[in-house]
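Novice: Would you mind keeping the following structure in view while I ask a few things?
FYI, it's all coordinate maths here, none of it is from the lab. In this text, all values refer to a predicted model and were calculated from it rather than measured experimentally. Here the Cβ positions follow ideal geometry from the backbone for every residue, glycine too, while neighbour counts run over all protein chains shown.
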2 protein chains.
Amino acid sequence: MSKLLAVGTVAFDAIETPFGKTDKILGGSGTFVGLAASQFGVETGVVSVVGGDFPQSYLDMMNNKGINTDGVEIIKEGKTFFWSGKYHNDMNSRDTLVTELNVLEHFQPVVPEAFKDSGIVMLGNLHPLTQASVLDQMNERPKLVVLDTMNFWMDIALADLHTVLKRVDVITINDEEARQLSGEYSLVNAAKKIHEMGPKYVVIKKGEHGALLFNEGKMFYAPALPLAEVFDPTGAGDTFAGGFCGYLAKTEDISFENMKNAIIYGSNLASFCVEKFGTQRMEELTKDEVLTRLQSFKDLTQFDIELS
Amino acid sequence: MSKLLAVGTVAFDAIETPFGKTDKILGGSGTFVGLAASQFGVETGVVSVVGGDFPQSYLDMMNNKGINTDGVEIIKEGKTFFWSGKYHNDMNSRDTLVTELNVLEHFQPVVPEAFKDSGIVMLGNLHPLTQASVLDQMNERPKLVVLDTMNFWMDIALADLHTVLKRVDVITINDEEARQLSGEYSLVNAAKKIHEMGPKYVVIKKGEHGALLFNEGKMFYAPALPLAEVFDPTGAGDTFAGGFCGYLAKTEDISFENMKNAIIYGSNLASFCVEKFGTQRMEELTKDEVLTRLQSFKDLTQFDIELS
């Protein structure tokens, strides 16, 4: 079992979907990654920053799930990062209503001593220089560095992104972002170009259309589980990444074959995340539910054709 | 081995993609279904209509592939159905430039005597009354009736579509059309509603995002093979349907488990279809190539997680 270090946001979200709306609730990429990884009993440390307005009860909940929050800096006089968004009827597109960076604006992640030897590091969607500063603090190069990013950083910090990508093993990115980063429309060609930028593994997230894993000519595909109702997609991508990293940390096997399983676990957990608002479903999720749904993923994808 | 009866268009296409453009070349849903099914050595009869301008060499090619064209009526004084379209850069959307129905406008399919006992009938995308008239000509109810349709018929002949759907086992439809037909956004719910209209099996085609098979609570998903280059998507959906029907006709097993394989074969053949303009790739395709690609589909989708 490797330790997992997850750097990302711990935040307030206010969400509106066709099914309802919430007040400020718990959100943030670090939160969702941590909750997903907690399903594997992995020792996970979250590095983030919150303001004095952040309820202790949220930190308590994370701690009760086995998530170490020593790396979550609390700036008493500051306010927690706040995002508010409204999803359209198709649940694939959304409008951002409010983004208040608050304490996130000058976030300088500090890795707790106990997590400087983490085998797996998940660099959440932050400025590439901030992501690099985390790697600088590790005792030695982690066994696996996973990086999430988005078009925003390609627009304003592309050179820095290219620099940090050279230190990364796995990049998780959505399809449009992969196209933007590579300049290639075909995802096969996009992955090839992104390989050349550093990451040996490229995970392309396609939302309701699943996720693709590329590794130097090899490909694997995990569908999203078709659901009768997607209640709130917020955090699904981070939950996917957290499931991916958590499974690899638990199994300590970073072969391509095992990454297939990690991708399936990521999709599995993400399919729960969207069933309720915010972190609610992930907080109450049991191991039995996860295993039952793993069977659903097998039924959905496995076939038996004789090659003749 | 069952006989397969495929009713659809045999036509001229002129296609423009970012990779080039063609003059009038061979196209049509019946053509693509027939070519796909020919991979399985199935006795396939195509029922369609062409004009006096249709080259005998195209019919010869189909006959050489083992496709029976006795049901392709030739109206000497008429002109063959012609479609021309231009694909956008994303290859998922296209503009129709020309649609000349010509002889298709008054098409009255006549099923040849030798195919009135076909076990499997594929009703291509035509007016629902035309589709129904084919079923009326069969000696007895076929073992499996597969129907393809599109939003156009939902707009202008919805009542007729509902009537013929009651006589259908499998409907193939794309995601937007499934939503339109059912009034449900979620594909899971859409499939449920469409089940209630008649078809026990609902195949939802999502183009580059693969295809879903629903059967009364059960689901199976086949991805499209990610390709470095999609040269021309024309006919991919019909090739998919032809592979599906052809495999079922060959194996004579219409269980859900075997339909999984049929869906994979459909995706397999469709992945070849898009590699060249029109029918070109399907005409030259060998069994060895199909089997090699079947292995690619296995590598892409199969995983081995212990449930523990």
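Novice: Which of the lysines could a cross-linker span from A:K287 if the Cα-Cα distance has to be under 16 Å and same-chain partners fewer than 8 positions apart are dropped?
Specialist: Straight-distance partners of A:K287: A:K65, A:K250.
Novice: Short version: ³J(HN,Hα) in whole Hz for each residue of segment B:125-141, in order, from phi by Karplus 6.51 cos²θ - 1.76 cosθ + 1.60 (θ = phi - 60°), x for Gly and Pro, what are they?
Specialist: Residue by residue, segment B:125-141 yields 5, 9, 4, x, 5, 5, 4, 5, 5, 5, 4, 4, 8, 6, 4, 9, 4 Hz.
Novice: Over the Cα atoms of the protein assembly as shown, what is the Rg over Rh ratio if Rh follows Kirkwood? Could the numbers behind the result be given before it?
Specialist: Details: Rg = 26.5 Å, Rh = 25.8 Å.
Result for the protein assembly as shown is an Rg/Rh of 1.03.
Novice: Taking a point 7 Å out from Cα toward Cβ as the label site, list the nm distances between A:M138 and the same residue in every other copy, smallest first.
Specialist: Result, one decimal in nm: 6.1.
Novice: Per DSSP helix of 4 or more residues, -39500 (n - 2.57); summed, then divided by the residues of chain B. What does that give at 222 nm, rounded to the nearest 500? Don't skip to the answer; put the middle values down first.
Specialist: Numbers: 11 runs with 115 residues, N = 308.
After summing the helix terms and dividing by the residues of chain B, the value is -11000 deg cm²/dmol.
Novice: Whose amide H sits under 5 Å from the amide H of A:F81, counting only residues 5 or more places off or on another chain, with H placed in the peptide plane?
Specialist: A:F12, A:G51, A:V103, A:L104
Novice: Can you return the aspartates and glutamates within cross-link range of A:K218? Criterion is Cα-Cα under 19 Å, with same-chain partners fewer than 8 residues away left out.
Specialist: A:D169, A:D175, A:E184, A:E196, A:D253, A:E257, B:E208, B:E229, B:E289, B:D299, B:D304
Novice: Right, something else. At 7 Å along the Cα-to-beta-carbon direction for both A:Q137 and A:E306, put a label point, then send me their distance in nm to one decimal.
Specialist: About 5.9 nm separates the two model spin labels.
Novice: What is the mean number of Cβ atoms from other protein chains located within 10 Å of the Cβ atom of each residue in peptide A:186-193, rounded to a whole number?
Specialist: Working: counts 7, 4, 5, 4, 0, 2, 1, 0.
Average neighbour count from other chains, rounded to a whole number: 3.
Novice: If you don't mind, there's one more thing I want to ask. Along each of its three principal axes, how wide is the spread of alpha-carbon positions in chain B, in whole angstrom units, largest first?
Specialist: 69, 42, 37
Novice: Still on this structure, please answer the following. What nm distances, shortest first, do you get from the label point of B:E176 to those in the other copies when the point sits 7 angstrom along Cα to Cβ?
Specialist: Those separations, rounded to one decimal, come out as 1.7 nm.
Novice: Hey, for B:Q280 with labels 7 Å out along Cα-Cβ, what do the inter-copy distances come to in nm, ordered shortest first?
Specialist: Shortest to longest, the spacings are 5.5 nm.
Novice: Which whole-number percent of Cα pairs in segment B:1-116 have a distance greater than 16 Å?
Specialist: Numbers: 4057 of 6670 pairs.
So the pairs more than 16 Å apart make up 61 percent of the total in segment B:1-116.
Novice: Using alpha carbons only, how many angstrom separate the centre of segment B:1-64 from the centre of segment B:236-257?
Specialist: First find each Cα centre; the distance between them is then 17 Å.
Novice: Residue by residue through A:287-296, how many Cβ atoms from other chains fall within 10 Å of the Cβ on average?
Specialist: For this peptide, the per-residue mean of nearby foreign Cβ atoms is 1.
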